[in-house]
Structure formats: structure tokens, C-alpha cells
Protein chains: 2
Amino acid sequence: MDYRTGQRIVAETARRTESRYGNRPTMKDVAARAGVGLKTVSRVVNGEPGVTPDTERRVQEAIDALGFRRNDSARVLRKGRTASIGLVLEDLADPFYGPLSRAVEEVARAHGALLINGSSAEDPDREQELVLALCARRVDGLVIIPAGDDHRYLEPEIKAGVATVFVDRPAGQIDADVVLSDSFGGARDGVAHLIAHGHRRIGFIGDMPRIHTSAERLRGYRAAMEDAGIPVEDAWMSLGVTDPQRVRKAAEDMLAGPSPVTAIFAGNNRVTVTAVRVIAEGSRPVALVGFDDIELADLLKPGVTVVAQDAAQLGRTAAERLFRQLDGSLVLPERIELPTRLITRGSGEQPPSD
Amino acid sequence: MDYRTGQRIVAETARRTESRYGNRPTMKDVAARAGVGLKTVSRVVNGEPGVTPDTERRVQEAIDALGFRRNDSARVLRKGRTASIGLVLEDLADPFYGPLSRAVEEVARAHGALLINGSSAEDPDREQELVLALCARRVDGLVIIPAGDDHRYLEPEIKAGVATVFVDRPAGQIDADVVLSDSFGGARDGVAHLIAHGHRRIGFIGDMPRIHTSAERLRGYRAAMEDAGIPVEDAWMSLGVTDPQRVRKAAEDMLAGPSPVTAIFAGNNRVTVTAVRVIAEGSRPVALVGFDDIELADLLKPGVTVVAQDAAQLGRTAAERLFRQLDGSLVLPERIELPTRLITRGSGEQPPSD
């Protein structure tokens with residue numbers, strides 16, 4: 001274990017701020033050590049021809065000895081490609097984005113690109129700031145789950161050749177590729193499922209109305225109710241932030257009063273987990289269908305019936321389309337809509353409690 | 001909606017590959033349009049003094065009209081700072097990393113830095129490839145959840161000034177900052193809790209033995225058993241990948257045979273969710289304590305008793321330490337260990353079934 005003492009010196013050197021950016025070895029250092037010209041080092045580093053095996057070996061030894069690494073920032077400027085794509089999503093901590101992010105990363109890696117990742121925290125200004133910061137770093141393309149509804153700020157970037165695919169929600173004010181789940185159809189099916197099990201007083205708790213998926217799912221709820229000839233009362237619909245406090249209040253309000261709802265449709269996974277809690281705390285059974293599947297939903301009593309979307313497939317489809325844009329094999333923006341799947345587990349099949 | 005036709009032209013232009021990197025406006029274009037010199041544009045873009053308000057306005061108008069954006073890749077080369085940090089984790093889709101990633105990102109943003117994110121998929125080669133790719137992009141620092149156990153490949157980078165903090169698992173073969181949860185103490189407490197409730201035949205299902213947290217938690221299990229004078233049988237310990245198939249087989253084997261275990265300690269959240277399933281399918285009750293909290297654990301019957309670690313606090317502590325390295329206010333690497341917390345919910349308080 002005597003490497004520790006040796007390493008501590010390295011560590012201290014690293015932490016001497018004046019040396020922070022000072023002592024990174026350059027091609028000049030490599031050339032000097034190998035006793036060759038700068039152009040020769042450059043040839044070896046960039047894998048160009050015209051170097052004898054013996055010279056190449058000497059240069060390689062110098063590179064290894066000095067710990068030289070090619071500065072890709074310089075190559076970006078020369079070649080105009082960073083071999084990286086950006087992913088802008090809403091919240092790194094939302095489990096919905098986990099499989100989506102991993103799928104985008106897998107496609108990026110298959111194309112030799114690095115994934116650069118950041119979140120907008122559902123703030124349009126922060127989305128724009130992050131997107132432009134990524135463009136300034138010359139990412140080849142962007143996969144964006146938009147927080148804002150006006151993306152004209154992206155026009156100069158798209159014009160300059162940044163490939164762009166929106167996922168989960170469409171772009172605003174510009175015509176761009178978008179990969180979505182069928183939020184409208186999925187919500188309509190989920191609410192129709194509750195109606196088919198005898199419910200008429202059905203609540204809808206969703207995300208903020210300006211969010212496309214939230215608006216579409218509300219539209220699906222309204223369509224299902226209208227198809228069944230059920231007039232919707234305002235007290236049955238609650239849209240807003242999906243933090244537990246807000247959702248809890250909304251659910252408790254719907255479940256109180258003279259004519260409470262007998263079923264709740266939860267607009268996304270964040271809403272569902274809180275709705276499950278509120279219902280579990282109550283005395284009478286309340287039917288529940290949630291949009292998005294959630295882990296362990298099958299082990300709860302009753303199991304949680306959900307309208308599942310394939311988050312990984314959303315990410316995969318969007319990323320593959322992004323690289324097809326970069327290949328130049330795509331011409332016009334398209335809207336790709338993926339189907340949802342109703343998974344019945346018990347909570348959505350309970351009859352009305354009164 | 002007549003913006004669509006207009007946008008389609010923009011979109012088509014963007015997709016003409018020959019124009020992909022051709023038509024990004026340059027400072028020269030801005031200078032020409034504003035009728036000023038290149039140096040003046042540069043002053044305005046970089047916020048340097050010596051430009052009259054009127055000239056600055058004309059340059060700004062040209063910048064807006066052309067959609068010019070400063071190329072930060074160029075600035076990186078001039079200033080040596082990208083104002084970005086890298087985060088290398090094991091799996092973007094593991095819910096444990098969600099709050100950790102978000103916490104790192106929040107700290108990065110507070111320091112005006114962008115988070116660049118990637119995953120190693122628990123593959124040491126992929127970890128090194130990703131880390132060096134991030135270094136080649138001149139990130140200021142790295143927060144690494146290591147997959148490998150030899151990080152000497154990072155020495156040239158650290159020497160060159162890349163700040164480095166390991167989190168969740170320590171670095172191998174180099175002396176670097178690390179922020180950990182107390183895996184040993186947490187596992188020992190969790191197993192002691194099962195012993196206190198009358199269990200003696202207790203199984204341990206963990207991740208691959210080469211993973212530090214897995215080895216530490218097994219050590220905690222052994223320590224608790226030894227403290228209680230209980231000889232551990234090999235059949236009670238199973239380490240390996242945490243995919244559902246492997247964990248299911250391990251749990252079923254421990255619960256079968258002449259003297260099955262009466263309790264299971266699950267080495268992490270991935271193991272816990274599968275162990276919960278296997279136990280729920282069985283006829284007799286089996287006590288369970290899991291390392292890491294899991295969503296909805298409190299709503300299962302029985303609720304899942306866990307040894308919780310604070311993933312967000314791990315990320316926050318590591319990122320703050322990273323920026324203190326960059327400030328030059330840290331001298332020597334430290335090992336910071338965060339405590340775990342036993343949360344009793346029922347599954348860990350069940351007596352032995354026989």
C-alpha cells in the first residue's frame with residue numbers, strides 16, 4: 001500500500017491552483033521527448049500516414065510517458081463535430097426519465113457519441129439557457145423534452161445544422177421532429193375503463209395545464225366522459241404542480257363533500273404515487289387508474305391499474321431519428337406517436353363504493 | 001398557423017447536409033453587417049470595455065439579426081475552462097442515481113457549470129473510456145461512481161488539474177476524495193435488527209463482490225452474525241448481478257431445502273424489489289430488510305423495512321467538494337462517510353416463521 005504516499009504528492013500537485021491548467025503536456029513536449037518534429041507527433045496522434053513504425057513507437061512512448069492527451073476541443077474547431085449529443089429533460093430524479101435517458105445514451109454510444117445531459121426543472125428559461133449552452137459547445141444534435149412552448153430561439157441553431165428531435169412533448173412555434181406517446185388515446189382508454197366498471201363521478205388530477213401531455217390527457221378524460229354522456233363537474237378536475245402536497249390536497253378535496261368521486265384518473269406517475277397514498281389512508285375503496293407504470297405497482301393491494309407508455313422506446317426512437325437527421329437521410333420533420341397499453345391489476349376494476 | 005410553411009423551409013435548409021456546418025454566422029459576418037471592425041465585435045461579445053453604447057447597440061442588432069452565437073469551444077482553448085463538470089455513474093435508469101444526479105446538477109448550476117452525464121453500465125473499460133472522453137472535452141472536474149478498481153489512468157488528468165471526487169465507492173490505486181454511505185455499519189445494523197427479532201438463519205443477497213458497496217455490506221452482515229455468535233452457512237450468501245432472474249433464483253434457493261432462511265437482507269434497491277416479489281409469492285412469511293429506500297415501500301403489506309442512505313446528500317456533498325477543489329481551498333484528499341438510517345415498516349420486524 002505504499003502507493004498512497006506517492007499518490008498524495010500527485011494529489012497535492014493537482015490541488016496547487018496555480019498549476020491547475022499549467023502543466024498539461026502538449027504536442028511540443030511529446031515532440032521534444034521523442035526527438036521528432038511537431039508535424040510527426042500530429043500525424044501519429046491523428047492516425048495520419050507517413051510515419052515509420054519505429055518513429056511511431058518512439059512518439060507513442062513519449063505520449064505514454066508524458067500522459068499526453070489530444071485536446072478534442074481543438075478538434076471540434078477543426079472538424080466541426082464534437083461527437084456528442086445533448087439531452088434536455090425535465091427532472092433527472094423522475095423515474096420516467098431513467099429508462100428514456102439510458103435508451104438515448106445507448107443509441108448515442110452505438111454512434112460513437114457522448115451524451116450530454118441536463119434538466120430544465122420545467123422552467124422554459126432554464127430550458128433555453130441549457131439548450132443554447134449545449135449548442136455553444138457544438139453538440140451535433142439535441143433530444144429535447146421541452147418545458148417551454150416557443151422554440152423559435154432554436155431556429156439559428158437548426159439553420160446552422162444542429163439536429164433536433166423533441167420527445168414526450170412537441171416543439172412550440174417551430175416545425176421539428178417529435179416522438180410522443182398517445183397521451184390523448186391512453187387517457188381516454190383509461191377513463192373509459194373506469195366508466196365500464198360503473199363509475200360516473202371520476203376525478204382527473206394532472207400536471208400543469210401548459211404541459212402538452214397534461215393537456216392531452218385531460219382532453220382524453222373529457223372525451224371518454226363525453227362519449228359516455230357524463231357531464232363533467234369542475235370540482236372533478238385538478239391540474240397543477242405534481243408535488244405531493246398539491247396532489248394530496250386535490251385528491252382529498254375530490255374525495256370529500258356530498259358527492260365525492262368514486263374513481264380517480266392520475267395524469268402521471270408522480271400523481272399516481274401520491275393518489276395511492278391518499279386512497280390507502282381512506283376508509284372506503286376508491287378506484288384508480290394512473291398514466292405511466294410505476295415500480296411495485298403489481299405488489300400493492302390492490303395492484304395499480306395503469307396506462308403504460310414505453311419510456312425506453314420513446315428515447316430510442318427519438319435518438320435514432322436524431323442520428324438519421326445527422327446522416328442527412330431525413331428531409332421533413334415528422335410527428336411519431338407511440339401507442340400506450342392498459343395494464344389491469346385491480347385498482348381500476350373496483351366498482352363504485354356507493 | 002401559417003408559420004408552419006415558413007418553418008418547413010428552415011427545416012429543409014437544416015437538413016441539407018452540405019449546409020450542415022456551412023452557414024453558422026461568424027464574428028466577421030456580424031462585423032460586416034454592423035459596419036464595425038472584428039475587434040469591436042469581439043469586445044461586445046466578450047463584454048470588454050471600449051465600445052460606445054451606440055456601437056454596442058448596432059453590434060447587438062447584427063448579432064440578433066444573424067443569430068450569431070459565441071463559440072464556447074474557442075473560449076475553452078483560450079481560457080482553459082469549460083465551466084462544465086462530468087458525472088459518471090453506473091446506470092442512468094437506476095432510481096438510486098436520480099436524486100444523486102439532480103443534486104450534483106443543482107450544485108453545478110449554482111456554480112454556473114453545466115453537467116455532462118454518462119454511465120459506465122458497471123463496465124470498467126467503459127468507465128475509463130467515458131472519463132477520458134470527458135477529460136478530452138476539458139471538463140473542470142469529475143464526479144465518479146467507479147465501476148473499476150484501478151484509477152491510475154486518471155493520474156495525468158488530476159496532475160493536469162481536473163478536479164476529481166469519487167462517490168458511493170472509493171477510487172482504486174489512487175488517493176482521491178470520496179463520499180460514501182456507511183455501507184458496513186448500515187448493513188450490520190440491518191442484520192442485527194433481524195437477529196433482535198429472533199432470526200438466526202438469515203440470507204444475504206448482494207451485488208457483484210468486486211463492487212465496494214457490495215463487499216462492505218457483506219462484511220456488515222458477517223460482523224452482525226459474528227457479534228451474535230451465529231455461524232454463517234455459505235448457502236445463506238449470494239453475490240452477483242442484480243437482474244431479477246439472478247436475484248429470484250438466489251432467493252428461491254435460500255427459501256427452499258431442509259433448513260431455509262427465515263429472513264433476507266437485500267444488498268441494494270434492485271435486490272429488494274425482486275426479493276419483495278419472491279416473498280409475496282411464497283406461502284409463509286419471510287422477514288426482509290433492504291439496503292436503500294424504495295418508492296412505495298411504506299404501502300406494501302407488510303411495509304418494507306430498509307437501511308436508507310441519502311442519495312441526494314451524497315451527490316451534494318461530492319459536488320460541493322469538487323468545486324472546493326476547483327477553488328483551490330482543499331489540499332488533501334478526504335474520505336467522507338455519511339450515516340445510514342434504519343426505517344422500520346413491518347417486513348423486518350416479523351418473527352421467524354418456524
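Helix A:53-66 and the longest principal axis of the Cα set of chain A meet at an angle near 60°. Here segment A:19-66 is assigned +1 on the Cβ of each Lys and Arg and -1 on the Cβ of each Asp and Glu. Its dipole about the Cα centre then comes out at about 240 debye.
Could you size up the charge dipole of the protein assembly as shown around its Cα centre, putting +1 on the beta carbon of Lys and Arg and -1 on that of Asp and Glu, and report it in debye to the nearest 20?
2300 debye
Rolled with a 1.4 Å probe across the full set of protein chains, the surface gives A:Lys28 an accessible area near 150 Å². All other residues whose Cβ lies under 12 angstrom from that of A:Asp292 are scored, Lys and Arg at +1 and Asp and Glu at -1, for a net of -3.
Taken over segment B:183-310, the convex hull of the Cα atoms encloses 98 Å³ per residue.
A simple charge model with +1 on the Cβ of Lys and Arg, -1 on the Cβ of Asp and Glu and nothing else charged puts the dipole of chain B at about 1600 debye relative to its Cα centre. Measuring only protein heavy atoms, the 1.4 Å probe finds B:His212 accessible over about 50 Å². Taking Cβ atoms as reference points and 10 Å as the exclusive limit, the residues near B:Gly315 contribute a net charge of -3, counting Lys and Arg as +1 and Asp and Glu as -1. According to the calculation over all Cα-Cα pairs in the protein assembly as shown, the P(r) per 20 Å bin from zero is 16, 43, 33, 8, 0 %. For chain B, the longest principal axis of the alpha carbon atoms and the long axis of helix B:269-281 meet at an angle near 40°. Dividing the alpha-carbon radius of gyration of segment B:94-169 by the rule-of-thumb value 2.2 N^0.38 Å gives 1.07. In segment B:224-354, the DSSP beta bridges split such that about 25 percent are antiparallel, to the nearest 5.
What number comes out for the charge environment of B:Asp227, summing +1 per Lys or Arg and -1 per Asp or Glu over other residues with Cβ under 14 Å away? Counting the neighbours of B:Asp227, the net charge comes to +2.
Can you pull the percent of Cα pairs in segment B:19-66 with separation above 12 Å? Of the Cα pairs, 57 percent sit more than 12 Å apart.
Among the DSSP beta bridges whose two residues both lie in chain B, what percent are antiparallel, rounded to the nearest 5?
If we restrict to bridges inside chain B, about 10 percent are antiparallel.
In chain A, helical runs assigned H by DSSP with n ≥ 4 each contribute -39500 (n - 2.57); averaged across all residues and rounded to the nearest 500, the mean residue ellipticity at 222 nm is -13500 deg cm²/dmol. Each of A:Ser353, A:Ala110, A:His151 was placed along the dipole of chain A (beta-carbon charges, centred on the mean Cα), and the one lying farthest toward the positive end is A:Ala110.
Taking only the Cα atoms of chain A, the radius of gyration and Dmax are 27.1, 90 Å. Once the C-beta distance of B:Glu233 and B:Ala256 is scaled by a Förster radius of 22 Å, the resulting FRET efficiency is 0.95 to the nearest 0.05. Among A:Gly267, A:Gly190, A:Gly198, the largest mean-square fluctuation in a Gaussian network model of chain A, built with springs joining Cα atoms closer than 10 Å, belongs to A:Gly198. In the complete set of protein chains, residue-level accessible area for B:Leu180 is approximately 0 Å², probe 1.4 angstrom. What's the angle, to the nearest 10 degrees (0 to 90), between helix A:3-15's Cα axis and the longest principal axis of chain A? The answer is roughly 80 degrees.
Any chance you could tell me what percent of the C-alpha pair distances in segment A:121-164 go past 13 Å? All intermediate terms of the calculation are to be shown ahead of the outcome.
Working: 458 of 946 pairs.
Tail fraction, whole percent: 48.
Considering only alpha-carbon pairs that sit under 8 angstrom and 6 or more positions apart, the relative contact order computed for chain A is 16 percent. Seen from all directions on average, segment A:110-235 presents a Cα convex hull projection of 9.8 nm². Note on surface exposure: A:Asp189, A:Asp175 rank A:Asp189, A:Asp175 by accessible area, highest first, 1.4 Å probe.
Taking every DSSP bridge with both residues inside the protein assembly as shown, close to 10 percent are antiparallel.
The values are calculated or read from the model by the stated rules, or taken from the named source; none is laboratory data. Please read all numbers here as calculations on a predicted model, not as lab measurements. Positions of Cβ are backbone-derived with ideal geometry, glycine not excepted, and every protein chain shown enters the neighbour counts. Please note that ligands, DNA and RNA were not included when accessible areas were found on the heavy atoms of the full protein model with its side chains. Shrake-Rupley method; radii C 1.70, N 1.55, O 1.52, S 1.80 Å.
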